[in-house]
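Every number here is computed from the coordinates shown, using simple stated rules; none is lab data. Just so we're clear, the structure is a prediction, and the values are computed from it rather than from any experiment. As a convention, Cβ positions derive from the backbone with ideal geometry for all residues, glycine included, and neighbour counts pool all protein chains shown.
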Amino acid sequence: MLILAINPGSTSTKVAVYDDAKPLLLRTIRHSAEELSGFSEVTDQFEFRKQIVINELRQMDIPFEFDAVIGRGGLAKPVSGGVYEINQQMLDDTKAAIHKHACDLGCLIAYEIARDIPGCRSFIADPGVVDELNDYARISGSPLMPRICIWHALNQRAIAQRFANEIGKRYEDLNLIVCHLGGGISIAAHAHGRAVDANNALDGEGPFSPERAGSLPAADLIRLCFSGRFTEEQLLKRIAGQAGLTAHLGTNDMREIERRISDGDEHARLIVDAMIYHTAKHIAAESAVLCG
């Protein structure tokens, strides 16, 4: 089978073409914060991101003769891990979802490209709303706000399965802690093939990241909401999108930040070290879920 895979992330669009398991094309197109700042909503990026995929395929002279197109799953509704064929209900739920992220574009672009290819089907795999939490993990200190997980299920499950293969075991037979480091940072405890605990990496839980605030003091956040300084939309962006390294250092580009640190920027070094510190702390916390 000739398969096109599309993975839109908060800071990149990844495109791959496979002939069965043989890679014919592997591309990562990076997007700066400035490049994406012209889009008020992530869904407004649809045509921009779709055209990037199409241009990359045309540039490499890859014919549009795919048997399947698979996109990164969006934040529509909680599901168990696995592969799902895209249908109209999924498209409608994705467009109407409360949470918004670039991953929402995956199923939309995959469906649109596959629709124009005879015999081609479209799929998603392991969307960010995969929910396999244990009962304890769902309880927070307020019944008004039960814990949910929005995390990097696609990458985490893929890397967990790759690790299992490398050591000659089945993913379903292992207990693992997996950490995804990207525009957002998610950490999950995988118990015998199910992620029984994971942070809500989009809405403000866990360590801060290049674009997200992570866990914040709740009372301070409430006071800020009622201070009159910011609109609801502005505050939401200061949780996800314009938070973390972006808020502290003005960029989400680790390459640029590393250059600053090499040039002697001690403030940049402090902020990055703090991100590493909090990430390590949350990784260690998941060991309690798996009883060490």
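What the table below lists for this structure:
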read-out	value
CD proxy at 222 nm, helix term only [per DSSP H run n ≥ 4: -39500 (n - 2.57); per residue of the chain; nearest 500]	-10500 deg cm²/dmol
Sites SER287 and ASN55 - FRET efficiency at Förster radius 45 Å, r taken between beta-carbons, to 0.05	0.50
Helix axis angle, 153-166 relative to the chain longest principal axis, alpha carbon, degrees	80 degrees
Sparsely packed chymotrypsin sites (Phe, Trp or Tyr not before Pro) within the range 45-117, loop by DSSP, other Cβ within 10 Å at most 16	PHE64
R0 of 30 Å, Cβ-Cβ distance ASN175-TYR84: FRET efficiency to nearest 0.05	0.70
Principal axis dimensions, largest first and in whole angstrom, of the range 235-292 by Cα	42, 30, 16
Binned Cα-Cα distance frequencies in the range 127-179 - 10 Å width, integer %	22, 41, 27, 9, 1
Overall Cα dimensions of the chain - principal axes, largest extent first, Å	55, 45, 41
Between helix 46-59 and the chain: long-axis angle, C-alpha atoms, 0 to 90°, nearest 10	50 degrees
Helix axis angle, 104-115 relative to the chain longest principal axis, alpha carbon, degrees	10 degrees
GNM flexibility winner over the chain from ALA268, ALA125, ALA201 (Cα, springs under 10 Å)	ALA268
Sorted peptide list for 271-284, 31-44, 176-189, 218-231, criterion being average Cβ within 10 angstrom, highest first	176-189, 271-284, 31-44, 218-231
19 Å Cα-Cα reach of LYS22 towards aspartates and glutamates, excluding residues that sit fewer than 8 places from it in its own chain	GLU56, ASP61, GLU65, ASP67, GLU166
Euclidean distance of C-alpha centroids, the range 190-264 and the range 106-162, integer Å	20 Å
Extension gain from ASP203 to ASN165, taking 0.36 nm per residue of separation minus the Cα-Cα distance	10.4 nm
Gyration tensor verdict on the range 185-291 (Cα atoms; rounded if a/c is under 1.5, prolate if a/b is larger than b/c, oblate otherwise)	oblate
16 Å reach of a label modelled at GLU232, 7 Å along Cα-to-Cβ, counting backbone N of the range 90-125	97-100
